[in-house]
1. Can you give me the C-alpha center-to-center distance between the range 83-156 and the range 1-75, rounded to a whole angstrom?
2. Could you work out the helix-only [θ] at 222 nm for the chain, with each DSSP H run of four or more residues adding -39,500 (n - 2.57) and the total divided by the number of residues, to the nearest 500 deg cm²/dmol?
3. Under the 0.36 nm per residue contour assumption, what length would be gained going from the current alpha-carbon distance of K43 and N141 to full extension?
4. Only Cα pairs under 8 Å and at least 6 apart count here; give the relative contact order of the chain as a rounded whole percent.
5. Quick one: order D90, D74, D13 by neighbouring beta-carbon count within 10 Å, fewest to most.
6. For the chain, what is the percent of antiparallel DSSP beta bridges, rounded to the nearest 5?
7. Along the Cα→Cβ direction, 7 angstrom out, place labels at D13 and K110. What is the inter-label distance in nm?
8. Provide the per-residue ³J(HN,Hα) series for the range 130-146, in order, calculated from phi with Karplus coefficients 6.51, -1.76, 1.60 and θ = phi - 60°, each as a whole number of Hz, with x at glycine and proline positions.
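Each value in this text was obtained by applying a stated rule to the coordinates, not by laboratory testing. Treat the numbers as computed from the prediction; the structure is a model and nothing was measured. Neighbour counts are summed over all protein chains in view; Cβ atoms, including those assigned to glycine, are modelled from backbone coordinates with ideal geometry.
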Amino acid sequence: MPALSFRPVPLSDEPARSLVTAMREEIGQLYAGVVLDGPEMPKAGPRELGPPRGVFLVGFDASGVAVCGGGVKDVGDGACEIKRMYVIPDARNAGRGRELLVALEDAARKLGYERARLDTGPDQHGAWRMYLEAGYKPIENFNGNPMATFFGEKTL
């Protein structure tokens with residue numbers, strides 16, 4: 001399977017907007033009642049996932065179809081947080097999530113970050129496993145996310 005090509009796309013533009021909408025809907029079904037943009041949740045909107053210290057990447061397959069997306073945001077002290085990772089259902093179980101994670105880590109390095117952090121919920125076992133396999137070490141809740149149960153950090 002050919003590698004994906006990644007490019008920055010503002011959250012307000014397609015296909016980033018549709019990918020994040022699909023991710024929100026899936027999280028809402030997985031965790032009833034959770035609103036990712038609620039006041040108690042860590043912020044990850046256009047301001048956080050855009051220039052100058054953030055980015056949202058979209059991964060395109062060889063035919064030009066957007067199959068995944070995710071963002072990087074500044075959390076201070078040389079660290080960034082990887083947010084809003086999503087792979088469309090038709091592209092899952094083919095290594096696309098890992099490919100996206102590597103692209104986001106590369107983007108974070110280019111933005112000057114020394115460490116990447118992330119989190120995931122209790123029912124996202126595949127994500128949890130992927131993060132551990134990618135070298136993320138468990139840390140304390142760094143972002144106040146009330147629904148997450150895994151918090152990880154990796155030196156870039």
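1. Result: 13 Å between the Cα centres.
2. On the way: 3 runs with 39 residues, N = 156.
After summing the helix terms and dividing by residue count, I get -8000 deg cm²/dmol.
3. Details: separation 98, 0.36 × 98 = 35.28 nm, distance 1.48 nm.
In short, 33.8 nm is gained.
4. Numbers: 257 pairs, mean separation 32.0, N = 156.
Across the chain, relative contact order equals 21 percent.
5. Details: D90 10, D74 18, D13 13.
Taking fewest neighbouring Cβ atoms as first place, the list is D90, D13, D74.
6. Values: 25 of 28 bridges.
Restricted to the chain, the bridges split so that about 90 percent are antiparallel.
7. Modelled inter-label distance: 1.4 nm.
8. These are the phi-based 3J(HN,Hα) values: 4, 5, 5, 5, 7, x, 6, 9, x, 9, 6, 4, 8, 10, x, 5, x Hz.
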